[in-house]
Amino acid sequence: MLEHISSTSTSMVMTQTPPTRPLKMFHLEELEASGLSLPTIKESGCYSGKADEIERLLGYGAGPGLVIPYFTDDTNCYARVKLDNGGGDGKRYRSPKGSQNRLYLPPNLDRTVLTDPGTPIYVTEGEKKALKACQEGLPCMALGGVWSWRTKVVDGPTEPIPDLDRVVWGNRMVYVVFDSDVATNPEIQRAEVELAKELARRGATVLAIRLPAEANGQKVGLDDFLMHYSMEAFHALEHLPLAQPLKPIGEDIGVFLARTYEPAVPLVEGILFSDGSGWIGGEEKLGKTLYALEEALCLALGLSVCGKFEVRTPCRVLFIEEEDSPQRVQRRLRALLRGHGLDPDDSQVLKALSQNFRLAVWEKFSLDEEAAVARLETTLASFRPQVVYCDALRKVTLRDLNKADLASGLLKTLDELRREYGAVYRLVHHYRKSQTFRSGRGSQEISGSYVLGAWAENSLFFEPVGRKQGLVKVEVQTKDGPPQPPFRLVIESEGPSHDPTLIRLRAEELETGAKTEQLKEQVFQAVATLPKTAPISGKPGVTIKAITVALNRRSDKPIREALKTLEAEGRVQAVGTAAKQADLYEVCTGSLASPLGMPSVD
């Protein structure tokens with residue numbers, strides 16, 4: 001309950017000792033109505049101006065009025081006028097023609113306050129309110145209007161007034177005290193917020209003080225409140241935070257170098273580290289999802305991934321599956337566990353998984369929806385996974401990822417979550433469609449904008465080795481780790497292909513078989529691209545000798561074997577003969593765009 005204090009009229013005292021400059025009685029009474037004492041009125045320098053004086057002051061005729069001088073560094077050359085009679089627009093407060101807005105620093109404000117950030121400052125709208133506040137011991141300055149902290153620049157936009165530079169704002173508490181109607185006027189609220197942002201940019205902490213309106217709804221200004229209520233009541237009013245000072249960029253290099261950070265640790269030896277997200281990417285139907293499930297299980301249970309890559313310490317994982325059905329995911333997880341010699345119904349296995357593995361299947365999760373991201377954040381905060389898998393990216397966003405700004409927005413969401421909660425992300429994603437052989441590294445082939453490839457720090461990229469079913473090469477790309485050789489992924493299963501009882505993933509070195517497949521593809525490309533030789537009979541084509549020279553081979557025997565295999569696959573054919581009965585080869589029609597014929601294991 002605010003303590004009401006009755007005010008005693010000071011008119012008699014004021015009229016006994018009139019101010020130095022002429023001040024008409026009704027002007028004196030107006031200043032008194034704001035609770036100003038005679039010494040304050042004298043110190044303010046306010047006076048009654050005749051019409052001709054006002055015209056000289058403003059630069060245009062406006063009639064008589066109350067002159068309110070601004071005590072500035074340029075010898076008091078600026079003043080505002082409250083006209084006795086408003087103009088056609090009804091406005092009574094006027095400023096000199098062509099002038100910029102100024103900050104009113106009451107003459108009864110101790111000027112040392114301006115350079116002492118340890119002293120709080122109050123900012124209000126209206127000169128009389130600031131005079132009253134300073135009279136009551138509140139260091140206060142005033143704006144001519146709620147937007148008057150900005151001013152028009154010639155042929156340009158508005159900008160903060162230069163007078164703000166007279167105050168040291170850094171490390172200072174600032175209280176904005178606008179009239180009580182700020183609570184219901186959005187435009188005044190916007191001005192308040194923008195002022196707070198500007199002062200925060202200069203280093204101040206800014207709060208708002210809300211004045212209560214009269215019971216009849218009439219607005220109350222700072223002078224009104226201080227006239228009728230105690231200072232204790234004023235200081236008890238609610239303080240609303242508006243803005244905090246902006247933190248500068250950077251820090252002392254010595255401080256940075258002395259700071260202790262948790263070292264990055266390998267989660268999966270040579271494959272995945274604790275400080276970098278990335279892709280499980282590649283062409284379709286090569287086993288990306290199956291590998292992701294294998295890796296997640298091994299992380300949760302502390303098993304070697306694909307029998308090769310060590311997991312030193314079990315950790316928590318979250319797997320978001322939006323592509324495969326719950327039935328397929330369950331079948332695969334049970335079969336993968338059996339592939340590691342574990343019983344998926346064993347209570348101890350289930351207990352370990354319950355502690356470290358959380359699964360979300362077909363929950364309609366979307367990185368585009370604020371509510372879904374909030375649910376993810378809740379899980380990150382409570383479950384604290386170290387790795388989050390998402391299969392597949394195209395299922396959790398409808399954004400056009402070919403557009404850099406939309407792709408960057410999605411990655412920004414993941415990066416913010418990573419900085420806040422520490423988890424790294426493994427996103428299953430596909431390569432862009434291609435009608436020819438790929439020449440770029442895996443990160444350059446990822447479908448979508450270039451920003452997607454640049455984002456990754458720990459990635460695996462799956463590519464077919466030739467066209468033989470089941471041969472898959474996996475490239476490892478890490479940002480800080482030593483280069484890792486590619487490996488061959490072997491998928492073994494028992495039981496029906498649609499319902500395997502056991503699945504085992506093995507990582508092997510690229511062996512002779514893979515090298516043979518690689519040579520076969522090189523021969524195929526040579527037939528497709530080398531200049532053709534004119535035939536003695538049949539059609540033009542590429543000779544074995546030309547292929548052998550182009551591939552820098554000493555013997556043509558491997559070339560002949562590769563051609564024989566390619567013929568059996570229907571990808572090349574002999575179409576003619578050249579001198580000395582040399583066969584001429586060309587690519588079969590449609591081979592460049594023919595399907596890969598890989599097993600459906602994604």
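Miscellaneous remarks
- Unique match (being under 30 Å from E567 (Cβ atoms), surrounded by fewer than 19 Cβ atoms within 10 Å (Cβ to Cβ) and at pLDDT below 90) among G481, G470: G470
- Selection of segment 377-389 for residues being surrounded by 14 or more Cβ atoms within 10 Å (Cβ to Cβ) and of a type outside the set (V, I, T) yields E377, L380, F383, P385, Q386, Y389.
- Of all residues in segment 268-289 being in contact with a Leu (Cβ under 6 Å, 6 or more places away or on another chain) and farther than 20 Å from I503 by Cβ, the one that is surrounded by the most Cβ atoms within 10 Å (Cβ to Cβ): W279
- Flag if A374 is surrounded by fewer than 14 Cβ atoms within 10 Å (Cβ to Cβ), aliphatic (A, V, I, L, M) and at pLDDT 95 or above: yes
- Residue list for segment 180-210, restricted to those being assigned to a loop (DSSP other than H, G, I, E, B) and surrounded by 22 or more Cβ atoms within 10 Å (Cβ to Cβ): A204
- Flag if V542 is at pLDDT 85 or above and either buried (at least 19 other Cβ atoms within 10 Å of the Cβ) or closer than 20 Å to R560 by Cβ (or both): yes
- The residues listed here are V146, V113, V153; of these, the one that is surrounded by fewer than 23 Cβ atoms within 10 Å (Cβ to Cβ), under 25 Å from L211 (Cα atoms) and under 35 Å from the mean Cα position of the chain (by Cα) is V146.
- Qualifying positions in segment 395-411 - of a type in the set (D, E, K, R) and either in a helix (DSSP H, G or I) or touching a Cys at 6+ places or on another chain (Cβ under 9 Å) (or both): K395, D405
- The residue list G307, G341 contains one member that is in the same structural domain as A352 (by TED's automatic domain parsing) and free of Cβ contacts under 8 Å to residues at least 60 places away in the same chain, which is G341.
- Within segment 108-133, being part of a helix (DSSP H, G or I) and over 18 Å from V168 (Cβ atoms) holds for E127, K128, K129, A130, L131, K132, A133.
- Which listed residue is out of contact with any strand residue (DSSP E or B) (no Cβ under 6 Å at 6 or more places or on another chain) and of a type in the set (S, T, N, Q), from T205, T184, T158: T184
- Selection from segment 179-213 of residues that are free of Cβ contacts under 8 Å to residues at least 12 places away in the same chain and either under 19 Å from A133 (Cβ atoms) or more than 32 Å from the chain's Cα centre (by Cα) (or both): T184
- Every test in (1) at pLDDT 90 or above; (2) crowded, with 17+ Cβ neighbours inside 10 Å is passed by G453 save one, and that test is (1).
The values are calculated or read from the model by the stated rules, or taken from the named source; none is laboratory data. Quick caveat, the model's predicted, so the values are computed rather than measured. Note: ideal-geometry Cβ built from the backbone for every residue, glycine included; neighbour counts use all protein chains shown.
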